[in-house]
Amino acid sequence: MSTDIVLATDGEITYKLLTEDNMEEAAHVISKAFITGEPLSSCIKQTYNAEQASNMSICRGVVKDGVSVVAIDNTSGKIVGTSTGALTTVAELLDDLKKGMPDSLLAPPESLPYYEVMVEVVRVLDSFLLNDEDFMGDPNALVCSSAKVGVDANCNGKGVGSKLIQLRTELAKKKGCKFAIAQVTGPASQKLYRKLGYVEIGELKYTEFEFKGEKLFRPITVCPSAKMVLSKL
């Protein structure tokens with residue numbers, strides 16, 4: 001698909017595919033959103049540089065799948081929102097789960113401490129997929145796995161996040177995906193995915209999660225748990 005093709009225009013915002021040309025700016029938007037508003041990043045005290053290195057790695061890994069979307073402010077021309085997603089199969093996801101590496105993207109050295117924790121969080125959440133009979137029914141079924149979604153603070157509450165996820169889901173469906181999944185960690189993202197029809201299939205309680213003998217997420221008070229959500233396309 002050409003990078004010039006507009007996926008949607010909604011008021012003052014235009015939505016296009018994530019590309020190699022815009023991924024650095026797209027990653028920056030995610031990094032700012034996570035550093036300031038995502039409870040796990042805040043709790044672990046992830047630095048901007050480490051977050052940006054991680055998000056650039058994610059963008060480089062998912063751009064080829066053609067389901068990641070950016071929101072562009074028509075006045076400034078700047079990216080104000082990013083939704084990243086990777087295509088995989090049920091069998092590939094389960095294989096990653098068995099190996100303890102639910103994400104095939106390599107972690108840059110700057111973000112390794114955070115990455116190690118998140119690998120365990122994602123492993124716990126992804127394990128709930130094993131209990132869904134429909135998901136487990138066809139190992140060759142294509143899955144769109146949400147990587148990260150970030151929206152500029154000035155655009156919060158304007159429907160940008162909803163539109164980014166909707167467009168990503170539509171693109172995934174056109175590519176033949178049967179399922180879309182996401183690990184959602186904060187109250188805003190959990191409310192957003194619920195509004196879009198995603199169903200909760202499991203949760204990881206922050207007060208109970210332990211990593212290397214420490215309950216890292218006990219200080220989180222904005223919501224009680226991270227959730228695994230699923231949409232059948």
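Rule-based calculations on the coordinates, nothing more; no lab input. Quick caveat, the model's predicted, so the values are computed rather than measured. When we count neighbours, we look across all protein chains shown, and the Cβ atoms used for this are built from the backbone with ideal geometry, even at glycine.
Details
- Helix-derived mean residue ellipticity, 222 nm - over the chain, DSSP H n ≥ 4, -39500 (n - 2.57), to 500: -11500 deg cm²/dmol
- Sequentially through region 11-27, phi angles give Karplus couplings (6.51, -1.76, 1.60; θ = phi - 60°) of x, 8, 10, 10, 10, 9, 5, 5, 10, 5, 6, 10, 5, 5, 5, 5, 5 Hz, Gly and Pro residues having no value and appearing as x.
- Amide proton proximity set for T89, modelled H, under 5 Å, gap of 5+: V143
- Unit charges on C-beta of K, R, D, E only; dipole of the chain, Debye: 420
- Label selected from (1) 13.1; (2) 24.4; (3) 11.8, the criterion being mean projected area of the Cα convex hull in nm² as computed here: (3)
- Cut-off under 5 Å, modelled amide H: who pairs with T47 long-range: none
- Using θ = phi - 60° and Karplus 6.51 cos²θ - 1.76 cosθ + 1.60, couplings along region 190-196 (whole Hz; Gly, Pro as x): 5, 5, 5, 5, 4, 4, 8
- Partner lysines for K178 [C-alpha distance under 21 Å; skip if fewer than 8 residues away on the same chain]: K64, K148, K163, K195, K227, K232
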